[in-house]
Amino acid sequence: MLEKSFGLFFFLKRPKNEKGNLRYVYLRITVDGVSRDLAVKRQWDCQRWNASAGRATGTKEDTKTLNSYLDVMYNKVFQAKKALLDADKILTADSIKRELTGQGDEQRLILAAFKNHNEQMKALVGQEFAPSTLMRYKTAYDHTAAFIKWKYQTDDVAVKDLDYEFVSQFAFWLKSVRKCGHNATMKYLGNFKKIVLECIKKGWILKDPFAGFKTSRKEVIRVALSKEELCTIANKVFETDRLNHVRDIFLFSCYTGLAYIDVCKLRRIDIATGIDGGQWIISTRQKTESATRLPLLPPALQIMAKYEDDPKCCIKGLVLPVLTNQKMNSYLKEIADGCRINKNLTFHIARHTFATTVTLSNGVPIETVSKMLGHKSLKQTQHYAKIVDLKISEDMNLLKDKLQLNA
């Protein structure tokens, strides 16, 4: 990050208990209005000094020697500045001073560590990380930088200075200043915590500042369409092709469980003949890069056939002509109004609907649903899938029948 202002100035400072004309020469480095003084380790007669120019006056040899030395010091500051910028380190008056005095590597800075982490993550996008993961860490970095500026009026803080108060105040700032909800706050703190743990492993900090701080999230009630609402949307004929188009894409996700990005990038070569001889989707989830293998239900196959001759799909080899996520969600609100569905209809609700209404409510085991959703663990599926009252009622009725038989 480049500084807003940068200044250098040499001046004289009177030694303590010194009554003569000799003064110590100091260099003042100013970055963004913050100054630090550095002793030049030279003395000079104040009567032979030009305060406005910051240089010795006269034509004597000692004047030329001192001014030449100050010029060298001046150039070294710019060399130190360039070295910091080339290393992608935070540029402050303190960091320049440490670089000049050979202490540049002694103090580890948290934002510098965070930035280095994100740069390494960027290099691995497409191999180990999804673009959305990098974006989340970049946002967390921006929040951390803004908090440090707000709380400490500086561009960075030393890793060794991190403590419980820093973490708790960061959480307070995210909720009060940034207006983040509890779970969003915990998400950003979790990203920040990863950087802190890396610093601990490297021995830069001995005590975990998160010790004693709870980062648990509140349970979120996942919204899904009921069977009746799903049928209403499927049977509704809208006056505009635009809404019918968006409805079809949404229903396809309801019957496949694919997230928006996965529907958007789904290509015709991802459709293959499965073990049962039927049509299957065999691809990889964008978010987690986990394999997705799921048989296509008849409603999904009908939607695919509807767009088989679509020009955009034919040219790009896509299964469906998907609009931007913003447009999809905007039009879904119109669809909800047209169907008199009193829910905040978004594209992601389709994934919840597949997990609950389409699969679990119809007796599909949660292990199978987890595999079709492309989850890496059953815990993720339990987080998504809400067992509806109808399924609970059916299971209890089966139990009642068994108990009556055994009576």
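A quick yes/no check of all residues on (1) assigned to a loop (DSSP other than H, G, I, E, B); (2) in the same structural domain as S95 (by TED's automatic domain parsing); (3) under 29 Å from T92 (Cβ atoms):
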| site | (1), (2), (3) |
| --- | --- |
| K19 | yes, yes, no |
| R36 | no, yes, yes |
| T59 | yes, yes, no |
| T63 | no, yes, no |
| L66 | no, yes, yes |
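On inspection, F252 qualifies as of a type in the set (F, W, Y), under 19 Å from R351 (Cα atoms) and touching a residue at least 24 places away in the same chain (Cβ under 8 Å).
Just one residue in the set I233, I303 is touching a Lys or Arg at 6+ places or on another chain (Cβ under 7 Å), assigned to a helix (DSSP H, G or I) and over 25 Å from F129 (Cβ atoms); that residue is I233. Within segment 16-34, the set of residues being in contact (Cβ under 8 Å) with a residue 24 or more places away in the chain and exposed (fewer than 12 other Cβ atoms within 10 Å of the Cβ) comprises just one member, G33. Selection within segment 236-265: residues that are of a type in the set (A, V, I, L, M) and in a loop (DSSP other than H, G, I, E, B). The member of this set that is nearest to G190 (Cα to Cα) is A259.
Does segment 196-212 contain at least one residue that is among the aromatic types (F, W, Y), touching a residue at least 60 places away in the same chain (Cβ under 8 Å) and either in contact with a Ser or Thr (Cβ under 6 Å, 6 or more places away or on another chain) or closer than 30 Å to L111 by Cα (or both)? Yes, that holds for at least one residue. Residue check: is G102 on the phi > 0 side of the Ramachandran plot, at pLDDT below 80 and out of contact with any Gly (no Cβ under 8 Å at 6 or more places or on another chain)? Yes: the conditions hold for G102. Pairs meeting the criteria (first residue in segment 299-328 and touching a residue at least 60 places away in the same chain (Cβ under 8 Å), second residue in a loop (DSSP other than H, G, I, E, B) and among the hydroxyl-bearing types (S, T, Y), beta carbons under 7 Å, at least 6 apart or on different chains) are P299/Y255; L320/Y307; P321/Y307.
For every residue, the table says whether it meets (1) of a type outside the set (K, R); (2) under 23 Å from V223 (Cα atoms); (3) touching a Phe, Trp or Tyr at 6+ places or on another chain (Cβ under 7 Å).
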position: K316; (1), (2), (3): no, no, no
position: V319; (1), (2), (3): yes, no, no
position: K333; (1), (2), (3): no, yes, no
position: A336; (1), (2), (3): yes, yes, no
position: R340; (1), (2), (3): no, yes, no
position: T346; (1), (2), (3): yes, yes, no
position: A350; (1), (2), (3): yes, yes, yes
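Among the residues of segment 378-388, some residue qualifies, meaning at least one is hydrophobic (A, V, I, L, M, F, W, C), assigned to a helix (DSSP H, G or I) and either within 26 Å of I303 (Cα to Cα) or modelled with pLDDT under 90 (or both).
Taken over segment 202-256, residues that are touching a Gly at 6+ places or on another chain (Cβ under 8 Å) and within 24 Å of C339 (Cβ to Cβ) amount to 3. The sole residue among K60, K64 that is surrounded by fewer than 12 Cβ atoms within 10 Å (Cβ to Cβ), more than 30 Å from G190 (Cβ to Cβ) and over 38 Å from the mean Cα position of the chain (by Cα) is K60. Filtering segment 38-57 to residues that are of a type outside the set (A, V, I, L, M, F, W, C) and either touching a residue at least 40 places away in the same chain (Cβ under 8 Å) or assigned to a strand (DSSP E or B) (or both) leaves K41, R42, Q43, D45, N50, G54, R55. Say whether the condition of being of a type outside the set (A, V, I, L, M) and under 25 Å from L111 (Cα atoms) is met by at least one residue in segment 36-55. Taking every residue of segment 36-55 in turn, at least one turns out to be of a type outside the set (A, V, I, L, M) and under 25 Å from L111 (Cα atoms). Residues considered: I96, I90. Of these, the only one that is out of contact with any Cys (no Cβ under 6 Å at 6 or more places or on another chain), under 30 Å from A184 (Cβ atoms), of a type in the set (A, V, I, L, M, F, W, C) and assigned by TED's automatic domain parsing to the domain that holds W49 is I90. Kindly check whether there is at least one residue in segment 4-14 that is out of contact with any helix residue (DSSP H, G or I) (no Cβ under 6 Å at 6 or more places or on another chain), closer than 30 Å to H117 by Cβ, surrounded by fewer than 16 Cβ atoms within 10 Å (Cβ to Cβ) and polar (S, T, N, Q). So far as segment 4-14 goes, yes, one or more of its residues are out of contact with any helix residue (DSSP H, G or I) (no Cβ under 6 Å at 6 or more places or on another chain), closer than 30 Å to H117 by Cβ, surrounded by fewer than 16 Cβ atoms within 10 Å (Cβ to Cβ) and polar (S, T, N, Q). Would you check if Q326 is over 15 Å from C254 (Cβ atoms), polar (S, T, N, Q) and modelled with pLDDT of 80 or more? Yes, satisfied. Considering every residue within segment 260-283, establish whether at least one is touching a Ser or Thr at 6+ places or on another chain (Cβ under 9 Å), of a type in the set (G, A, S) and under 17 Å from H375 (Cβ atoms). For segment 260-283, residues touching a Ser or Thr at 6+ places or on another chain (Cβ under 9 Å), of a type in the set (G, A, S) and under 17 Å from H375 (Cβ atoms): present.
The values are calculated or read from the model by the stated rules, or taken from the named source; none is laboratory data. A quick note: this is a predicted structure, and the numbers were derived from the prediction, not measured. With ideal geometry, Cβ positions are generated from the backbone for all residues, glycine too; neighbour counts draw on all protein chains shown.
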